[in-house]
């Protein structure tokens, strides 16, 4: 009954444009439907706290890898968020052991030729990577744990902790450290002309770690980019992967410019404010601008609904799902949208991935304006099987391995967890005979299909970026962890928190393009997640 | 209107015993009134998150002490709970500067002769100290910060972090380390026969700190107790003050015995469970037993209502005040119930405070049974001005200093914050001419009376342990932070989490006496918070 209603609602919301235009034009109705819509998604599974997490004895050579997640409730597992959360308890080891070896699934992911997403731009794909990188942060030294702040906090430019934040600040006027290159503002460069990390950045946690582990690759992650010319142009960043693509660098640059722009405006109107107050007030504002972009641009792009959701501060406080944030293992794994990444990217000439990764020189050469314009005209890949670019195939295999380590339950078990009818056949799942046969050969029964594979295999209409299960799972974890930001709370969201300057900037921000246009040249072309 | 209703409700709840007996005898009504009552108290002020915390620039020799709390909103202040929370923003420095010097207020607190509390036993007072010591934990090196877990987690016996917990465990059968002395189980002793900390305890965080700071007093806090005989009998504990009175030691001993009792029972029924599972399941159970004691015994003792509240698992989840816990500065300071402490305590002979503090030998000599029996027959002091025992006067002055440092607003400002009518005169506040005159001489206007002094000065009926403002403030912070325990959440509170053994123990626990009787000799006499 509830499941049918959900299906009907999903269908209805993507049709009847006249009805939705009317609803959106009446403030009272718009607000009501916004609340109903967000609540329906957020309540599609049980709210936090969940009984289980990845807490459990650490895997050792002597214990099987699957023992990492305990099958009983522990206090540490409940309250210590450095252990990643989980929606469902661990699967039986026998289920995990019967799955095909991750390496055997490589071909299932492999892209022969890019299948373009009919809806999303390449910019959208790179924005998704930039965004999720800030809170999906498995601890590389202990897969049970994470280094996430469990908040949307723009740690990409502010860092993960107070000590790093202080290093990233200039110390005057509230500004973040930046430098002018050909008349444009960018984050300061990490390395000096001598090829060494600049003294002022030596105490950043990730720099300390790279130095201690003698792992200079940490900044570039890829030997191909570990050259003096590439390193010279790496930006200092809040996160270790802050230069991973030219888009990652460009998006961080936009938010850094917005921060510094806000500080300069605030200083003009409040000349008595000190460095700390300017910094904090601009940061509050910048974070809420990002939250608005996520809800009103990013999520609406992903949704098939014709009704566009919006940020309604103070609404979330009173909802049942307003709970302490905690990133779940499933959220981490379902967000491996590697197929979004194009195989190559065109800027005058066609650039292979090695050229658009860790290569900020392109920003100086072409300018952020052109890069965003091109990124808004070229397609992202469609999120599906057989569409992962070659350079991310190792990451897919590693993600599958992680899912086994975490003993995630099957795709169908998660459908039930989100109150959706389990798939009864491979055909129902895929809507594609060839793919159904391929999956059947691998898994035997549809109930055996593993979580991440099932999500990518889901059939969907052409206008849907994501399948049904993915949409509910992303939506529930996104709304219930973005709208819980303390900055949106009823008693906090007000001019006192953002200043007059900040309030105006927040009101003027709904799409990513808004913040880009404020911080680039007037010659800028297209900036959009939609093709 | 709302204020009048509140007053009427408070009055009504303490009269009409027939009505309340009837309500309590009908399960549906009992449940309804329990929910209404808890919601009324918990909603008496705005729910968390609050815009301000103690976050701000650290006071230095060059900056005035009051600058510690910023008067603008910061991200770190909102999310970093190592900074203590606050209900109201910082007062103007001018208000703080005009207050009488803390040292001048010493006489206002000083007890000449104990004014007994007509309702509370000495046991209650010592229990309150033991209880609050676990979550009201200002960082002694930085008053803006705390070392609290912000949860009721029995850290008195389990420690504040996973590393300490491991040290406190025996490593087999889920048990905590203990030793038998004259046939009774006690926590292991911290020092060996050689007068040195035992090797197995050297890595406890507070031992490391004491060693590093060359501060052996850390364990005894008082030079008078820093003798070889006293030290020999100190117990290892989860917290550095774990031996501060014989009651503190005795209460921790009871919870340790309960933990080990639960482990032994669970092992009998589940012989296949390993050390970790036994430990975690017993700990979950023990924490919920404490939560039940807090709500059903401790809070009901404090309340003047004839209706007795109870723990109704799964109810809190759906309430507006179900938010991430965060200890507030005001909660920390209002809980300085020093007048509860008796000046001396009688066990055969009258013992001065130096004898009943840091002196576990008395436990072995008299037995926990006799100590609890005597503690349940002797009076606590009444929580009021002019009733702090001499050995705690320095602590009162220090608390006043802390309130200045934190720039707490006035008592009347907090009445408004909790939706109570501000006091219009010293007489209305105190109901006592002499005290009114004394306060007037110190503060001039009733609006100037500071927070902690106002709370202690409040007039109240003889059956009320606390004044009105104190009651609402304690109640709101207690209910909204105890009932948010993940262990009480709808999806977590079940036999899976506690086992059959645990579930039976939880059901058999409502008062502190219940857990005491299960873990002491059958000869035990009175165990009660009520005289």
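Coordinate-derived values only; no laboratory data. Just so it is clear, the structure is predicted and the values come from calculations on it, not from any experiment. In this analysis, Cβ positions are derived from the backbone assuming ideal geometry, glycine residues included, and neighbour counts consider all displayed protein chains.
Summary of values
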quantity: Cβ-Cβ FRET estimate between residue A:224 and residue B:162, R0 fixed at 41 Å, reported to 0.05; calculated: 0.50
quantity: Order of A:44, A:13 - criterion: other Cβ atoms within 10 Å of each residue's Cβ, fewest first; calculated: A:13, A:44
quantity: Neighbouring partner chain Cβ atoms per residue of B:156-165, average, 10 Å criterion; calculated: 1
quantity: Per-pair calculated FRET efficiency, R0 = 30 Å: residue A:112 and residue A:4 via Cβ, rounded to 0.05; calculated: 0.20
quantity: Convex hull projection area averaged over all views, the range B:192-301, Cα basis, nm²; calculated: 9.1
quantity: Ranked by how many other beta carbons lie within 10 Å on average, peptides A:356-366, B:470-480, B:137-147 from highest; calculated: B:470-480, A:356-366, B:137-147
quantity: Pairwise label distance in nanometres, residue A:348 with residue A:11, each label 7 Å out on the Cα-Cβ vector; calculated: 5.3
quantity: Modelled label reach - residue B:507, point 7 Å along Cα→Cβ, the range B:258-293 residues with backbone N closer than 15 Å; calculated: none
quantity: Ordering of B:198-205, B:155-162, B:228-235 by burial proxy (mean other Cβ atoms within 10 Å per residue, highest first); calculated: B:155-162, B:228-235, B:198-205
quantity: Across the identical copies, how the residue B:194 labels are spaced - nm, sorted shortest first, 7 Å along Cα→Cβ; calculated: 4.9
quantity: Residue order, fewest to most beta carbons within 10 Å, for A:16, A:379; calculated: A:16, A:379
quantity: Distance histogram in 10 Å bins (all Cα pairs of the protein assembly as shown, percent per bin); calculated: 2, 10, 18, 22, 20, 15, 9, 4, 1, 0
quantity: Chain A, rotation onto B, residue closest to that axis via Cβ, with its distance in Å; calculated: A:324, 2
quantity: Cα-projected label distance for residue A:24 with residue B:80, points at 7 Å along beta-carbon direction, nm; calculated: 4.1
quantity: In Å, descending, principal axis extents of the Cα set of chain A; calculated: 65, 59, 52
quantity: Helix-only CD estimate at 222 nm, as mean residue ellipticity for the protein assembly as shown, using -39500 (n - 2.57) per DSSP H run (n ≥ 4); calculated: -12500 deg cm²/dmol
quantity: Nearest-first distances (nm) between copies at residue B:268, label 7 Å from Cα via Cβ; calculated: 7.8
quantity: Cβ crowding within 10 Å averaged over residues, with B:96-106, B:325-335 ranked highest first; calculated: B:325-335, B:96-106
quantity: Cα gyration tensor shape for the range A:1-42, rounded if a/c is under 1.5, else prolate or oblate; calculated: oblate
quantity: Average other protein chain Cβ within 10 Å of Cβ, residues A:483-495; calculated: 4
quantity: Residue-averaged beta-carbon neighbours from other chains (10 angstrom radius) around A:320-328; calculated: 3
quantity: Copies compared at residue B:181 - label distances in nm, ascending, label defined 7 Å from Cα in the Cβ direction; calculated: 6.8
quantity: Translational D in µm²/s for the range B:95-162 (Stokes-Einstein at 20 °C, 1.002 mPa s, Kirkwood Rh from C-alpha pairs); calculated: 138
quantity: Label-to-label distance, nm, for residues given as residue A:212 and residue B:93 (7 Å Cα→Cβ offset); calculated: 3.9
quantity: For the range A:112-202, fraction of C-alpha pairs farther apart than 15 Å, in %; calculated: 74
quantity: Mean separation of Cα contacts under 8 Å (6+ apart) over length of chain B, as relative contact order %; calculated: 25
quantity: Rounded if a/c under 1.5, otherwise prolate or oblate - the range A:1-123, Cα gyration tensor axes; calculated: oblate
